[in-house]
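S.K.: Have a look at this one before I ask anything.
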Amino acid sequence: MLGLDQFIAELNKSISMFLPETALVIAFLVALLLDLMFKKSKNLTGYTALIGFLVTGYFLFKQMNMQSTAFSNMFVIDQFGIFMKWVILLSSIGVVLISFFTNELYEKAKGVGEYFTLIIGMAFGMFLLVGSSNLIIIYLAIETMSLSSYVLAGYTKEVKRASEASLKYVIFGAVSSGIMIYGISILFGLTGSLNLFEINRFLAANPVNNFALFLSVIMILSGFGYKISAVPFHFWTPDVYEGAPVPITAYLSVASKAAGFAILLRFFKVTFLDSVPGNDSVWTLLGSIDWHFVIAILAVLSMTLGNLVALWQTNVKRILAYSSIAHAGYMLMAVSTMDDAGVASVLIYFFMYMVMNLGAFYVVALIANNIGSEEIDDYNGLGYRAPILGICMTLFLISLTGLPPTAGFIGKLYVFSAVVKAGYIWLAVVGVINSVISLFYYVKIFRNMYLNDVDSNKSKLTYSPASIVLLFVFAIPTLYLGIFFNDIVKWASYSANIFMGK
Amino acid sequence: MQESVPLNYYLILSAIFFVMGAVGVLTRRNAIIIFMSIEMMLNAVNLTFVSFSSYNSDPAGQMFVFFVMAVAAAEAAIGLAIVLALYRNQQTVYVDKVNLMKW
């Protein structure tokens, strides 16, 4: 038993490592209060959110090389978590900025005060999820981010599609988290603990019933799979992406996916790593169940279904929704290698994916501001009516396809090389075929923008200079990271080492 | 000493509850009844936790139950608010009538 003094010392240490999350909570409360006090102000909570994120970034920067556990092994701080937290933080900042330029939000909802407050709440949930090493915290973190995102998905109350999206999201979300905690309860009964490190020690020391273990982990996977929108837990994705406001769609497709992948990787490594062989970079897994194969199947299903269904879509947001399912598939492919090279490639991919996907959604938002539509047929001739938007969209789409010289190419390159290095040639072949299929529907968007219906009678699109500056904030890194990617790769390889406790 | 009920009975009961809840979600069309079915699934989980917790004499499982109950309350509050917003927009709470978006 810990003495009181020891306990207080431990608590102080834990709180000092919990500063980024604390900053988010304080920003949340301040935004909530300011929203109540200054009802009239337009973007006050938005600015509060930005300041809160910057303070969080400062504390996160000070944690860069830390590796420790906090709150009696409930929470882990390690380089892997910090990389993912940076991805989440940067995309949160990006989403807040995109929101400032999305007219839909200001026209179809009664004020945006709570909107930015809830974004901070969602970011807090993701931060918690990335670092959690206890099943209780995992559940609570997933619920924290889910509850905020249910509301955000339906934030534009007057839009019929938004409330429909919100309803579908909340029903699927509640069911999949229900299934997840049923899995957690079975795992708890099987191993007698909720802490991932202790579960790992128990599994290493005692044989358990394979069927029960398989069932519980598959059930837990349904919760994670729902967050990363992997097939067959993807049913909500297209509807929610289409109905929700554009910035929220972007947020769901980047940050919430990053948090889901972080916990998926951490859960598998911490729970199943056999520490006896001593080589952590190629994980030796406990037990006789072939988890590589389970994840590989999910990857193949996600890629193939995502890409094939995207071919028939006529709404750009829906196309991007299915493309995000396919991207989850590519990343799951790297997860299925279950080694540190795979983890590093997921991290690299996420950094690239963040820039290009936020950019693509931002262009969709800017176009919707002008023409009020996201249908692909309404994009005809837009390349001439809005040259800058057209060029940037083309760049983002090329990057999403994974062609050089863009960021997306580097991401895919590392994912495929990790998969080939681990010896899953068949998986890499499926991935490459899928990339080729994906080219077709990405090209469809910019073919419509440039080649269809090119009469210059229609008016030019209008957009403010500030919104173009923000567009370049996404476009320039998409090109830059495609050429100068060494720093990101180094940082990701350094961060790939998931902390195993002790 | 009184003979206690074996663990298996609790687990089977909670599995039956869970499946009933899941079937309710899949077959019912009224959004509010779907939420009731989800509550049933969550309570089935609670029963599993409590029975494992008492079988292993480890209070962590019972702790989890409190969190599940709190989250379930929050989820119900948000779910009902969303149903209300949907009703104002589309004058229905039946999920099969809510189909602006398909495939």
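The values are calculated or read from the model by the stated rules, or taken from the named source; none is laboratory data. In this text the structure is predicted, and so the values were computed from the model without any measurement. Here the Cβ is made from the backbone with ideal geometry for all residues, glycine too, and neighbour counts use every protein chain on show.
S.K.: Return a yes/no flag: does the range A:35-56 have any residue that is farther than 30 Å from A:Ala360 by Cα and surrounded by 15 or more Cβ atoms within 10 Å (Cβ to Cβ). So that I can check it myself, show each step before the final result.
M.R.: Start the filter on the range A:35-56 by keeping residues that are farther than 30 Å from A:Ala360 by Cα, which leaves A:35-40.
With the extra rule that they be surrounded by 15 or more Cβ atoms within 10 Å (Cβ to Cβ), the set shrinks to A:35.
Looking for residues that are farther than 30 Å from A:Ala360 by Cα and surrounded by 15 or more Cβ atoms within 10 Å (Cβ to Cβ), one finds at least one in the range A:35-56, hence yes.
S.K.: Then there's this: Quick check, is B:Ala85 more than 24 Å from A:Ser193 (Cβ to Cβ), over 17 Å from the mean Cα position of the chain (by Cα), assigned to a helix (DSSP H, G or I) and facing chain A (nearest Cβ under 10 Å)?
M.R.: Working: more than 24 Å from A:Ser193 (Cβ to Cβ): yes; over 17 Å from the mean Cα position of the chain (by Cα): yes; assigned to a helix (DSSP H, G or I): yes; facing chain A (nearest Cβ under 10 Å): yes.
Taking the combined requirement at face value, the residue satisfies it.
Residue-wise test of (1) crowded, with 24+ Cβ neighbours inside 10 Å; (2) within 27 Å of A:Gly501 (Cα to Cα); (3) not β-branched (Val, Ile, Thr).
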| site | (1), (2), (3) |
| --- | --- |
| A:Asp290 | no, yes, yes |
| A:Gln313 | no, no, yes |
| A:Ala321 | yes, no, yes |
| A:His327 | yes, no, yes |
| A:Phe350 | yes, yes, yes |
| A:Ala368 | no, no, yes |
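S.K.: Does at least one position in the range B:18-34 carry a residue that is part of a helix (DSSP H, G or I), within 10 Å of another protein chain (Cβ to nearest Cβ) and in contact with a Pro (Cβ under 9 Å, 6 or more places away or on another chain)? Break it down into steps so the answer makes sense when it comes.
M.R.: In the first step, residues of the range B:18-34 are kept if they are part of a helix (DSSP H, G or I); the result is B:18-27, B:31-34.
From what is left, the residues that are within 10 Å of another protein chain (Cβ to nearest Cβ) are B:18, B:21-22, B:25-26, B:31, B:34.
From the residues that got through so far, the ones that are in contact with a Pro (Cβ under 9 Å, 6 or more places away or on another chain) too are none.
No, that holds for no residue.
S.K.: Another question, then. Any chance the range A:194-201 includes a residue that's at the interface with chain B (Cβ under 7 Å from one of its Cβ atoms) and within 30 Å of A:Gly501 (Cβ to Cβ)?
M.R.: Yes: one or more hits.
S.K.: Would you please list the contacts, defined by Cβ atoms under 8 Å and residues six or more apart or on different chains, that run from a residue in the range A:170-193 that is closer than 19 Å to A:Val151 by Cβ and more than 7 Å from chain B (Cβ to nearest Cβ) to a residue that is outside any helix (DSSP H, G or I) and modelled with pLDDT of 95 or more?
M.R.: none
Let's see how each residue does on (1) of a type in the set (A, V, I, L, M); (2) within 15 Å of A:Val436 (Cβ to Cβ):
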{"site": "A:Ile289", "(1), (2)": "yes, no"}
{"site": "A:Phe293", "(1), (2)": "no, no"}
{"site": "A:Ile297", "(1), (2)": "yes, no"}
{"site": "A:Ser302", "(1), (2)": "no, no"}
{"site": "A:Leu305", "(1), (2)": "yes, no"}
{"site": "A:Leu308", "(1), (2)": "yes, yes"}
{"site": "A:Ile319", "(1), (2)": "yes, no"}
{"site": "A:Ile325", "(1), (2)": "yes, no"}
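S.K.: Would you check if A:Tyr139 is part of a helix (DSSP H, G or I) and more than 8 Å from chain B (Cβ to nearest Cβ)?
M.R.: For A:Tyr139, the condition - part of a helix (DSSP H, G or I) and more than 8 Å from chain B (Cβ to nearest Cβ) - is not met.
S.K.: Of the residues B:Val45, B:Val98, which single one is in a helix (DSSP H, G or I), buried (at least 19 other Cβ atoms within 10 Å of the Cβ) and within 10 Å of chain A (Cβ to nearest Cβ)? If you could, list the steps in order and put the result at the bottom.
M.R.: On the way: B:Val98 fails: in a helix (DSSP H, G or I).
Of the residues listed, the single one that is in a helix (DSSP H, G or I), buried (at least 19 other Cβ atoms within 10 Å of the Cβ) and within 10 Å of chain A (Cβ to nearest Cβ) is B:Val45.
S.K.: For the range A:143-164, how many residues meet the condition of being in a helix (DSSP H, G or I) and more than 7 Å from chain B (Cβ to nearest Cβ)?
M.R.: Here is the first cut: in the range A:143-164, the ones in a helix (DSSP H, G or I) are A:143-153, A:160-164.
Then keep just the ones that are more than 7 Å from chain B (Cβ to nearest Cβ); that gives A:144-146, A:148-149, A:152-153, A:162.
So the answer is 8.
S.K.: Take B:Arg28 and decide whether it is of a type in the set (Lys, Arg) and either surrounded by 15 or more Cβ atoms within 10 Å (Cβ to Cβ) or touching a residue at least 12 places away in the same chain (Cβ under 8 Å) (or both). Spell out the reasoning first.
M.R.: Working: of a type in the set (Lys, Arg): yes; either surrounded by 15 or more Cβ atoms within 10 Å (Cβ to Cβ) or touching a residue at least 12 places away in the same chain (Cβ under 8 Å) (or both): yes.
In short, yes.
Let's see how each residue does on (1) farther than 21 Å from A:Leu471 by Cα; (2) within 14 Å of chain B (Cβ to nearest Cβ); (3) modelled with pLDDT under 95:
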| residue | (1), (2), (3) |
| --- | --- |
| A:Phe80 | yes, no, yes |
| A:Val87 | no, no, no |
| A:Ser92 | no, no, no |
| A:Lys108 | yes, yes, yes |
| A:Gly113 | yes, no, yes |
| A:Ala123 | yes, no, no |
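Residues are listed down the side, and each one gets a yes or a no for (1) away from chain B (no Cβ under 11 Å); (2) surrounded by 24 or more Cβ atoms within 10 Å (Cβ to Cβ); (3) over 13 Å from the mean Cα position of the chain (by Cα):
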site: A:Ile220; (1), (2), (3): yes, yes, yes
site: A:Ser229; (1), (2), (3): yes, yes, no
site: A:Pro232; (1), (2), (3): yes, no, yes
site: A:Phe235; (1), (2), (3): no, no, yes
site: A:Gly243; (1), (2), (3): no, yes, yes
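S.K.: Could you tell me which numbered condition A:Asn200 fails, if it satisfies all but one of (1) out of contact with any strand residue (DSSP E or B) (no Cβ under 8 Å at 6 or more places or on another chain); (2) closer than 26 Å to A:Val76 by Cβ; (3) part of a helix (DSSP H, G or I)?
M.R.: Only one criterion in (1) out of contact with any strand residue (DSSP E or B) (no Cβ under 8 Å at 6 or more places or on another chain); (2) closer than 26 Å to A:Val76 by Cβ; (3) part of a helix (DSSP H, G or I) is unmet by A:Asn200, namely (1).
S.K.: When the residues of the range A:5-21 are narrowed to those that are within 25 Å of A:Leu89 (Cα to Cα) and of a type in the set (A, V, I, L, M, F, W, C), which ends up surrounded by the fewest Cβ atoms within 10 Å (Cβ to Cβ)?
M.R.: Out of the qualifying residues, it is A:Ile15.
S.K.: Assuming B:Met63 fulfils every condition listed in (1) within 10 Å of chain A (Cβ to nearest Cβ); (2) surrounded by 16 or more Cβ atoms within 10 Å (Cβ to Cβ) apart from one, which condition is it?
M.R.: Every listed condition holds for B:Met63 apart from (2).
S.K.: Also, I was wondering about something else. Looking at (1) crowded, with 24+ Cβ neighbours inside 10 Å; (2) in contact with a Ser or Thr (Cβ under 6 Å, 6 or more places away or on another chain); (3) at the interface with chain B (Cβ under 10 Å from one of its Cβ atoms), which is the only condition A:Leu167 fails?
M.R.: Single failed check for A:Leu167: (2).
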